[in-house]
Amino acid sequence: MTKQKQLPFWMFLLFPAVTMLLGWGLRGYIGGGPFGAMIPGAFVALSLSMLLNLSVKDTAMFTVFSAVAIGLGGEMTYGQTLGFLRHLETMWWGTLGTTVKGAVWGLLGGVVVGLGLIFKRIPAKQHFIAYALMMLGMLIGFKLINQPMVIYFSDPAKPRAETWAALLFGAIAMLIYLKVKLENDNFIIISRTALWGLIGGGLGFGLGGFWMVLGSHLPKDAIFLDWWKAMEFTFGLLLGAGLGIAAWFNRNQLTQPDIQPADNRPEVAPFWKDFSIFLVLSLVIFWVIPGLLDDYVDSNYTQGSFTIPGLVDIAKMISNFAFFGLILIAAAIRIPSQRWQIAITMTFCYAAIDYFQDVFPDANTNTPFSIYFLLISLMVFAVGALTAWFQRKENIIRNMFLLLVWACMFVAYLRLFLHPDDLNFSGLSLFRIISGKLFVHLIFTVSAVFISWFAVSKLRDYQK
C-alpha cells in the first residue's frame, strides 16, 4: 500500500508545465501532426498521475485518453496563421487566430483528458456515445464554418483546410451529452479540466505567437533565431500548467492516498500477443486506412464552399485522427493488457516513422519489405519490449514516464546528427554555439533531466 502526503500547489503547476513544454517541443521536432501531438499528451498524463498518486491500472487508461486528447488538435493547420504575425497589418488577426486555435485545442483536449480521469466511474457505453457525438459535432462545425471559410485564419489565396470550428463543435457536443448523463461531481471534474485546458491553450498559443512577432523585427544575425520553437515551448508550458491547475482543483476527488496492491499491478499478456496486437493496430492506422482513403479524399475534397455531406466527408472522417483515436481508446477498453503498449509504444511509434521518413525521403512507404520499415520496426520493437518489461516490475508509472521521455529524447539527438550543418561550429564563439546552434537541444536536455529528477527524487520525498 502506497500513501502520499498532500503535494503543494507549485508542484501541480511546475511539473506538468515543464513536462508538456518538453513534450510540445519534441512534438514539433521529431514528429509533427496529430500523432506527434500524442507525445505531450502522454507526457502530461504520466506527470499528473504521479502527482495524483493514481493506480497503475487507472494511469494506463488515462494515458491513452490523454495522448488521444492532445492529438485531436494536431489536425489543425496553423503555419499560415503564424505567418500573419510577421506583418504589423495582419498581426492582430493572426493573434486572434492563434488564440482561438490554442483555446479550442485545450478545450476539446481538456474534455477528453477529464474523461480519462473518470474512466472507471462511467460505463464504457457512455464513453463511446460521447466520443461518437464529438465526431458528429466535428463534422457539423467543419461543414458549417471551416469548409466554407466563414471565419478563416489562414491565407485565402492559398487555402488550407482549417478545423478549429470542428474541434469547438465537437467539444460542445461532448460537454452537452456529459452534462446530461453524468453525476454532478464527475461533470465538475471534466468541466474544470476543459476550462483550464481552454485557458492554458488560448494563452499558450496566443502569447507564444508574440515570439514570432519579436523575431520578425530582429536582425537576421540575432543571437537566437528559432522563434517558432520558442512559440512551441510557450504553448506547451502554459497548456501543461493549465492542466496541472485543473488537477490541483480536482485533487480531492481524484487523489488515491491508499492504493490496493491489486490496483497497482497491470493486466499482462505474453509478449508475442502484446506485439502482435500492437502490430495490427499500427498497420491499420499508419498504412491500411491512409493507403485506401488519402488519395480519394485529397482528389475529391472541395475547400471554400459548403457542400452537402457525402462519401468524401465520411472518408475524411475515417482517415482523420479522431477516428484513429477512437480505435486506440476502444482497443484499450476492450483489451486491458494492451493499455501500456498503446499508451507508450504507439505514442513513440510515429516519432520513429517521422525520423526515418527524413533518413529515407525516397522510401517506398507502401511496402513493408524495405529497410525503411525494418528500421522503424526495430526501434519500435525495442520500446515495446521495454514497455512489456517495465510493466512487470515495480515503480511502473515512473519507469514508463522515464522510458517515453528518454526514448523521444534519443530520437531528438539522432535528428541532430542527421543534419551536419547544425553541428558546424566553425568561427562561432561558445556563447553563439549555445544560444544559437544548440539552444533548442539544451532546453530539451535541461527539461528532460529536470522532470526525470522530479519524478525519481522530488516526488519520492512525499512518499510515506
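FYI, it's all coordinate maths here, none of it is from the lab. The structure displayed is predicted, hence computed values, not measured ones. A quick note on method: Cβ atoms are made from the backbone with ideal geometry, for glycine too, and the neighbour counts reach across all protein chains shown.
For the subset of region 130-180 comprising residues that are aromatic (Phe, Trp, Tyr) and over 26 Å from Gly79 (Cβ atoms), which member is surrounded by the most Cβ atoms within 10 Å (Cβ to Cβ)? Filtering region 130-180 for residues that are aromatic (Phe, Trp, Tyr) and over 26 Å from Gly79 (Cβ atoms), the one surrounded by the most Cβ atoms within 10 Å (Cβ to Cβ) comes out as Tyr131. When you scan region 28-42, do you find a residue that is out of contact with any Gly (no Cβ under 9 Å at 6 or more places or on another chain) and closer than 21 Å to Ile118 by Cα, even just one? Checked region 28-42: no residue is out of contact with any Gly (no Cβ under 9 Å at 6 or more places or on another chain) and closer than 21 Å to Ile118 by Cα. If you go through region 355-375 and keep only what is crowded, with 17+ Cβ neighbours inside 10 Å and touching a helix residue (DSSP H, G or I) at 6+ places or on another chain (Cβ under 6 Å), you end up with Tyr355, Phe356, Tyr372. Cβ-Cβ contacts under 6 Å between residues 6 or more apart (or on different chains), taken from a first residue in region 354-383 that is over 21 Å from Met38 (Cα atoms) to a second residue that is assigned to a helix (DSSP H, G or I), are listed as Phe360/Tyr372; Ala363/Tyr372; Tyr372/Phe356; Leu375/Phe356. With a requirement of 2 or more residues that are surrounded by fewer than 22 Cβ atoms within 10 Å (Cβ to Cβ), touching a Ser or Thr at 6+ places or on another chain (Cβ under 9 Å) and of a type in the set (Val, Ile, Thr), the helices (runs of 4 or more DSSP H) lying completely within region 267-348 that satisfy it span 289-300.
Here Leu178 fulfils each of the conditions (1) assigned to a helix (DSSP H, G or I); (2) under 21 Å from Gly97 (Cβ atoms) apart from (2).
Of the residues Ala388, Ala382, Ala363, which single one is more than 24 Å from Thr63 (Cβ to Cβ) and out of contact with any Gly (no Cβ under 9 Å at 6 or more places or on another chain)?
Checking each option against the conditions leaves just Ala363.
Restricting to region 29-57, what's the tally of residues that are in contact with a Lys or Arg (Cβ under 7 Å, 6 or more places away or on another chain) and either closer than 20 Å to Phe321 by Cα or polar (S, T, N, Q) (or both)?
6
The criterion of at least 2 residues that are over 23 Å from Ala330 (Cα atoms) and over 16 Å from the mean Cα position of the chain (by Cα) is met, among helices (runs of 4 or more DSSP H) falling completely within region 7-118, by 9-30, 33-52, 79-84, 91-117. Collect the residues in region 365-412 that are more than 27 Å from Phe15 (Cβ to Cβ), more than 23 Å from the chain's Cα centre (by Cα) and in a helix (DSSP H, G or I), keeping them in residue-number order. Listed by number, the residues that qualify are Ile371, Tyr372, Phe373, Leu374, Leu375, Leu378. From the list Leu418, Leu414, Leu378, exactly one residue is surrounded by fewer than 14 Cβ atoms within 10 Å (Cβ to Cβ) and more than 25 Å from Trp272 (Cα to Cα). Which is it? So the residue among Leu418, Leu414, Leu378 that is surrounded by fewer than 14 Cβ atoms within 10 Å (Cβ to Cβ) and more than 25 Å from Trp272 (Cα to Cα) is Leu418.
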